[in-house]
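Undergrad: Supplied in structure tokens, the structure appears directly below.
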Amino acid sequence: MKVAFPRRRGRLFCEEVDLARLADREGTPVFVYSRRHLLERLAELKRSWTGRDPLICYSVKANSNLAVIKTLLEAGAGLDVVSGGELKRGLKAGARADRIVFAGVGKTRDEITAGLKAGVLYFTVESLPELEAIDAAAAGMGKRAAVAFRVNPHVDPRTHRFITTGTVENKFGLDLEQAREAFRRCARLGYVEPVGLQMHIGSQITAPGPFEKALKKLLALYRELRGSGFKLAYLDLGGGMGISYDGRPVPSARDYSRRLAPLLKDCPARLVLEPGRWLVGGAGILLTRVTYLKKQPIKNFVIVDAAMNDLIRPALYDAFHRIEPVAVRRRTKIRADVVGPVCESGDFLGKDRVLPEPRPGDLLAVRDAGAYGFTMSSNYNSRPRPSEVMVAGKRYRVVRKRESVADLWRGETIPDFSRAK
């Protein structure tokens, strides 16, 4: 696999595009994505499951830019969506509805109706009340809704507690007995058809063990239900494979498949995978420009023009992202926190980092920002959100324009209560 962000003569590139020149033209902060990285990661995942032909449904929540979605669709991916907005984004990008799986714990009646009208492959059901709601919506339209049940296997994925989703303390999915009850209830309902089982135990998981443990539980239930006469066409293993944020090695897609494939050798169901971060995380960086270097007796601060509203992962999860200068220069190294201008003590991109002493105007690259970057950004402190750029070889295109200040109050009104009506 080619390096998406190589260095040439000390300067950082995205594929064949000089990032310093890109930032000069497009301004900062800016998210930059490598199209080649997206395609190579998807191809790698397909190769790792040779013989199974899995339906790979890209998890849109990781990065919902239309250009990112379109790139993966054209390479043969389906989509995993968790809201009506993500469904419409996927369809706007050209997705076939019958290659979309619709998840999420709180689907509204309107969202369920939209999924039925579109003809999604199946709804991933996370509670018994949701099953009843889907049945009612389908009855009102005179349709049958395909459903797969998300099973909560109560497995510790050994990841951050905020992105753990497969234990009984989490809001997601059905425990084993609830799943059995869901299938029994399907037999009494007239407009839902159970077609599969699904699991998703968490995000940024960097060992195959938790997946293996959860899959064994899921397969035991699968065989039990097949024995009871349910024809389950799909077994959905969700997503959650982690990437390396600090440069240390993590398991490859092949490492995961080697552990899981033997468990599936006698399972006739179509395998569904829902990767998100694993596909797009390393495809993106956030370029930011140094505004000030603030030296203090106890600590130094590199103040940049990107902030927690642009990339919230460090503030929200205490997540680590490598930060490096775009152009390497011979300077004395300093230890500093890299922080933004937002009025919160939690506004940082990196703590206690050793960098060549930055000067105002220098560019820094925050690595592995392709997942949960722009998609979790906000306008806090009335800050316009960054632009997004996609690179393909020697060319790049702006795939989302930078917001203007006027965009911040678009849709707002100032009421005049002095006029009686």
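Undergrad: Going through segment 339-370 one residue at a time, which ones are hydrophobic (A, V, I, L, M, F, W, C) and either surrounded by 14 or more Cβ atoms within 10 Å (Cβ to Cβ) or closer than 28 Å to Met390 by Cβ (or both)?
TA: Of segment 339-370, the ones hydrophobic (A, V, I, L, M, F, W, C) are 339, 342-343, 348-349, 354-355, 363-366, 369.
Val339, Val342, Phe348, Leu349, Leu355, Leu363, Leu364, Ala365, Val366, Ala369, listed by residue number.
Undergrad: Still on this structure: Please go through segment 182-196 and give me each residue that is surrounded by 14 or more Cβ atoms within 10 Å (Cβ to Cβ) and not in a strand (DSSP E or B), ordered by number.
TA: Hits for segment 182-196 are Ala182, Phe183, Arg185, Cys186, Leu189, Tyr191.
Undergrad: If you take the residues in segment 197-216 that are outside any helix (DSSP H, G or I) and either of a type outside the set (S, T, N, Q) or without any contact (Cβ under 8 Å) to a residue 24 or more places away in the chain (or both), which one is surrounded by the most Cβ atoms within 10 Å (Cβ to Cβ)?
TA: Filtering segment 197-216 for residues outside any helix (DSSP H, G or I) gives 197-208.
Filter again for either of a type outside the set (S, T, N, Q) or without any contact (Cβ under 8 Å) to a residue 24 or more places away in the chain (or both), leaving 197, 199-202, 205, 207-208.
Numbers: Leu197: 24, Met199: 26, His200: 25, Ile201: 31, Gly202: 27, Ile205: 25, Ala207: 16, Pro208: 17.
Selected residue: Ile201.
Undergrad: Can you work out which of the residues in segment 183-206 that are in contact with a helix residue (DSSP H, G or I) (Cβ under 9 Å, 6 or more places away or on another chain) and of a type in the set (A, V, I, L, M, F, W, C) is farthest from Val155 (Cα to Cα)?
TA: Looking at the filtered set, the residue picked out is Leu189.
Undergrad: Considering each residue of segment 76-96, count those that are more than 19 Å from Pro275 (Cβ to Cβ) and of a type in the set (D, E, K, R), and give that number. Lay out the reasoning, then the answer.
TA: The initial filter retains those residues of segment 76-96 that are more than 19 Å from Pro275 (Cβ to Cβ), namely 84-85, 88, 91-92, 94.
Those still in the list that are of a type in the set (D, E, K, R) too: 88, 92.
Final tally of qualifying residues: 2.
Undergrad: If I filter segment 291-302 for residues that are among the basic types (Lys, Arg), modelled with pLDDT of 95 or more, surrounded by 16 or more Cβ atoms within 10 Å (Cβ to Cβ) and not assigned by TED's automatic domain parsing to the domain that holds Gly202, do I get at least one hit?
TA: For segment 291-302, residues among the basic types (Lys, Arg), modelled with pLDDT of 95 or more, surrounded by 16 or more Cβ atoms within 10 Å (Cβ to Cβ) and not assigned by TED's automatic domain parsing to the domain that holds Gly202: absent.
Undergrad: List every residue pair whose Cβ atoms lie under 7 Å apart, where the two residues are 6 or more positions apart in sequence or sit on different chains, the first residue falls within segment 391-404 and is surrounded by fewer than 11 Cβ atoms within 10 Å (Cβ to Cβ), and the second residue, located anywhere, is of a type outside the set (Gly, Ala, Ser) and assigned to a strand (DSSP E or B).
TA: From residues that are surrounded by fewer than 11 Cβ atoms within 10 Å (Cβ to Cβ), the pairs are Lys394/Val17.
Undergrad: Related question: Any chance you could count how many residues in segment 281-308 are within 14 Å of Thr28 (Cβ to Cβ) and either outside any strand (DSSP E or B) or out of contact with any strand residue (DSSP E or B) (no Cβ under 8 Å at 6 or more places or on another chain) (or both)?
TA: Looking only at that region, the number is 3.
Undergrad: Follow-up question, since we're still on this one. Could you go through segment 333-342 and let me know if any residue there is part of a loop (DSSP other than H, G, I, E, B), at pLDDT 95 or above, among the hydrophobic types (A, V, I, L, M, F, W, C) and farther than 30 Å from Ile69 by Cα.
TA: Going residue by residue through segment 333-342, those that are part of a loop (DSSP other than H, G, I, E, B) are 340-342.
Now narrow it down to the ones that are at pLDDT 95 or above: 340-342.
Going one step further and asking which of them are among the hydrophobic types (A, V, I, L, M, F, W, C), we end up with 342.
Still in the running and farther than 30 Å from Ile69 by Cα: 342.
Yes - at least one qualifying residue is present in segment 333-342.
Undergrad: Can you tell me how many residues within segment 247-290 are hydrophobic (A, V, I, L, M, F, W, C), buried (at least 23 other Cβ atoms within 10 Å of the Cβ) and in contact with a helix residue (DSSP H, G or I) (Cβ under 6 Å, 6 or more places away or on another chain)? Please lay out each step first, then the result.
TA: Residues of segment 247-290 hydrophobic (A, V, I, L, M, F, W, C): 250, 253, 260-261, 263-264, 267, 269, 271-273, 278-280, 283, 285-287, 290.
Checking which are buried (at least 23 other Cβ atoms within 10 Å of the Cβ) leaves us with 272-273, 278-280, 283, 285-287.
Now drop any that are not in contact with a helix residue (DSSP H, G or I) (Cβ under 6 Å, 6 or more places away or on another chain), which leaves 279-280, 283, 287.
Qualifying residue count, segment 247-290: 4.
Undergrad: Looking only at segment 366-403, how many residues end up being assigned to a loop (DSSP other than H, G, I, E, B) and either in the same structural domain as Val60 (by TED's automatic domain parsing) or not small (Gly, Ala, Ser) (or both)?
TA: To start, the set of residues in segment 366-403 that are assigned to a loop (DSSP other than H, G, I, E, B) comprises 367-373, 377-379, 383-386, 393-394, 401-403.
Filter once more, so that each one left must be either in the same structural domain as Val60 (by TED's automatic domain parsing) or not small (Gly, Ala, Ser) (or both): 367-368, 372, 379, 383-386, 394, 401-403.
Of the residues in that region, 12 qualify.
Undergrad: Does at least one position in segment 86-104 carry a residue that is at pLDDT below 95, under 20 Å from the mean Cα position of the chain (by Cα) and among the aliphatic types (A, V, I, L, M)?
TA: Let us first name the residues in segment 86-104 that are at pLDDT below 95, namely 104.
With under 20 Å from the mean Cα position of the chain (by Cα) added as a condition, the list becomes 104.
Filter again for among the aliphatic types (A, V, I, L, M), leaving none.
No, because not a single residue in segment 86-104 is at pLDDT below 95, under 20 Å from the mean Cα position of the chain (by Cα) and among the aliphatic types (A, V, I, L, M).
Undergrad: Here is a follow-up. Just to verify a result, which residue in segment 247-275, among those that are outside any helix (DSSP H, G or I) and of a type in the set (D, E, K, R), is nearest to Lys61 (Cα to Cα)?
TA: Here is the first cut: in segment 247-275, the ones outside any helix (DSSP H, G or I) are 247-252, 265-275.
The next check asks that each one be of a type in the set (D, E, K, R); those that pass are 248, 265-266, 270, 274.
Working: Arg248: 25, Lys265: 31, Asp266: 32, Arg270: 23, Glu274: 11 Å.
Ranking the candidates gives Glu274 first.
Undergrad: Another one. I need a count of the residues in segment 2-27 that are in contact (Cβ under 8 Å) with a residue 24 or more places away in the chain, on the phi < 0 side of the Ramachandran plot, surrounded by fewer than 21 Cβ atoms within 10 Å (Cβ to Cβ) and not acidic (Asp, Glu).
TA: Step one: list which residues in segment 2-27 are in contact (Cβ under 8 Å) with a residue 24 or more places away in the chain, which gives 2, 4-5, 7, 10-12, 14-17, 19-20, 22-23, 26-27.
Imposing the further condition that a residue be on the phi < 0 side of the Ramachandran plot reduces the set to 2, 4-5, 7, 11-12, 14, 16-17, 19-20, 22-23, 26.
Now restrict to residues that are surrounded by fewer than 21 Cβ atoms within 10 Å (Cβ to Cβ): 2, 7, 11, 16-17, 20, 23, 26.
Of the ones still in play, those that are also not acidic (Asp, Glu) are 2, 7, 11, 17, 20, 23.
Number of matching residues: 6.
The values are calculated or read from the model by the stated rules, or taken from the named source; none is laboratory data. Bear in mind that the values here come from a model prediction, so they are computed numbers and not experimental data. Here the Cβ is made from the backbone with ideal geometry for all residues, glycine too, and neighbour counts use every protein chain on show.
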